[in-house]
Every structure is written in structure tokens, then in C-alpha cells.
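Note sheet for the following structure.
The values are calculated or read from the model by the stated rules, or taken from the named source; none is laboratory data. None of the values given here were measured: they were computed from a predicted structure. Ideal geometry is used to build each Cβ from the backbone, glycine not excepted, and the neighbour counts take in all protein chains shown. Surface areas here come from the heavy atoms of the whole protein model, side chains and all, with no ligands, DNA or RNA. Shrake-Rupley method; radii C 1.70, N 1.55, O 1.52, S 1.80 Å.
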Amino acid sequence: MSEELLARLPAALRTRRDVLDCRDRWAGARVLAATTAAVVLVGDRPAGPEAWAIGDEHDLARLVADALTGYGPGLRWATVPRAVTVPDDALAAAGLVPATRWDRLSSDVPPARQPGEEVVVGLDALGDRAAIDVCLDVANPTTHARPGAPDDAAWWGVRDAADHLLGVIGVAMRPGTHAPVMHLHGLGVVPAARGRGLGAALAATATRRALADGAPWVSLGMYADNVPARRVYSALGFRVDVENAGYGPPGATRP
């Protein structure tokens, strides 16, 4: 089904990393396509239908308006590149308002070794699940990432002398062209341990191991205004693939 989805997209989009990362989740979706852009309408998401706009901003200006006006009622979320101006009347027709600004980054180069990596350890997603949840509740309470998900590939952490987790990061598996792509999520360091480089050490370890295990690249998403995270990821070699805006129902802050 994922190959069938790719065949319905414009050729210019078929090798994009964000498309290859999402193609299995988009299998069976409705596609509105132009020469260099497409809107993918995904109807089987847990919270309701979603729209993903990808490609050239000029082609998308019309496609997004058509998609929201024609298919918008009932949409729970729309993701659109920030360079695209979404008409107010199209948003009103879909019942959506601006909600988030986030960027997708990726890297295919192993990062340089970071101070503190010697204390990063692999975690057991099941055996350490409760401890990871406790850490995330404090370190990154708004993350979608939690251990035990079907796409779990790995979790990494740093413990203190009392064996409490000071920071964690998860790695999720996404389909790739020849090998699974890995996606970082759930990075968090408890406030008392911040400023020691643990976030960079966790991200570097997870990225390097994923690439060593055969992933063609490692991806992640981050809120556009998260300056400390951007500094960390940029230093590790991650580059922005696309700058997105998210649109949801009034009051929603994420899909």
C-alpha cells in the first residue's frame, strides 16, 4: 500500500524524507496533487481525519484552499508549510485555526561524540516503562512519546546515583526505502539536571546508534520556538527539512 501511495504523488515528492517517513501511515489516503505539490487526506487517524500539505508553496496555495473548503468539515488537523498562506475563509470552512509552528529535521551523518555520553545507558521499554514515564512527566510532559508503543525501537537514559532517571530519549521506527528510518522523540531532562549537556549526549548516542544499525537517516520534529533544542540538534548535524504550521479546532494545541 505504501508504494501505491508514492505512485499517486508527484515525482518530485517521492524521494522526500518526510514523505518516505510517513508513507505507511498515509497508505489508502486521498491525494490532491499538482505538478510539484500534494495534499494528503488521511482518514484513519485516532483523533479524526488529518490533512498534510507537502511540496512547492505556489502549487500548495491553491491545493490547500481547495482541500480545506471541499474536504475540511470534520478535519481534526491540518499540517501546512509555513511559507503557504492559508486563506481565512478556507480555515473557517474547515473549522480550523492556527495552533502550532513546528519544524522537521533530519541527519544522515553520525554526530561527534559529546561530553557526558559515557553515562548514557540503554533502557528496557517494558522493564523501565514506569521510570521513563516518571521522568517524562517532569522533563517533557507534553510529548506524545511514551514507552511501549508499537513502533518503539529503543530508549536511552541517564541515571543518578540513586538510580533515578535524569533524562531520556526514545527512538521510533519508520518505514524506509531500503531500511527502516529512525525518528527521535521524547527527549527530556529533568530541570535539576539541565545545563550539563545531557540532552546533547542522549541525542548524539541515539542518533549514532540508529545510523550504525543501518538507518539511512534519523528524523525528529520540534516546536519552532524551542531555541535550546534547535541549538542542540544543529550542533549534532541535523538540518531542517520543512518548516510547518499546524491548524486545529479552537483550543487544540496538537493533533
Considering only protein heavy atoms, with the full assembly of protein chains and a 1.4 angstrom probe, order Glu50, Glu118, Glu243 by accessible area, largest first. Glu118, Glu243, Glu50
Just to compare against my own numbers: the Cα pair-distance distribution for segment 94-239, 10 Å bins, whole % per bin, please. 12, 44, 35, 8, 1, 0
How much accessible area does Tyr247 have with a 1.4 Å probe, in Å² rounded to the nearest 10? 30 Å²
Please list Trp217, Trp102 in order of solvent-accessible area, largest first, computed with a 1.4 Å probe with all protein chains present. Trp102, Trp217
To the nearest 10 Å², what's His58's accessible area with a 1.4 Å probe? 140 Å²
Just the accessible area for Glu117, please: 1.4 Å probe, Å², rounded to the nearest 10? 10 Å²
Can you list, largest first and rounded to whole Å, the semi-axes you get for segment 135-218 by taking the square root of 5 times each eigenvalue of its Cα gyration tensor? 24, 14, 10
Whenever you get a sec, compute what percent of the accessible area on the chain sits on carbon and sulfur atoms (1.4 Å probe). 54 percent
Could you work out the equivalent-ellipsoid semi-axes for segment 175-255, taking the square root of 5 times each eigenvalue of the Cα gyration tensor, largest first, in whole Å? 23, 20, 11
Between segment 206-240 and segment 48-70, how far is it from one alpha carbon centroid to the other, in angstrom? 27 Å
Inter-site label distance for Glu243 and Ala27 at 7 Å from Cα along Cβ, in nm: 3.5 nm
Among Gln114, Ala90, Gly70, the residue whose Cα sits farthest towards the positive end of the charge dipole of segment 61-116, when +1 is placed on the Cβ of each Lys and Arg and -1 on the Cβ of each Asp and Glu, is Gln114
As a test, work out the antiparallel percent of DSSP beta bridges whose residues both lie in segment 1-148, rounded to the nearest 5. 75 percent
Under a GNM of the chain (C-alpha, springs under 10 Å), which listed residue has the highest mean-square fluctuation: Gly95, Gly195, Gly186? Gly195
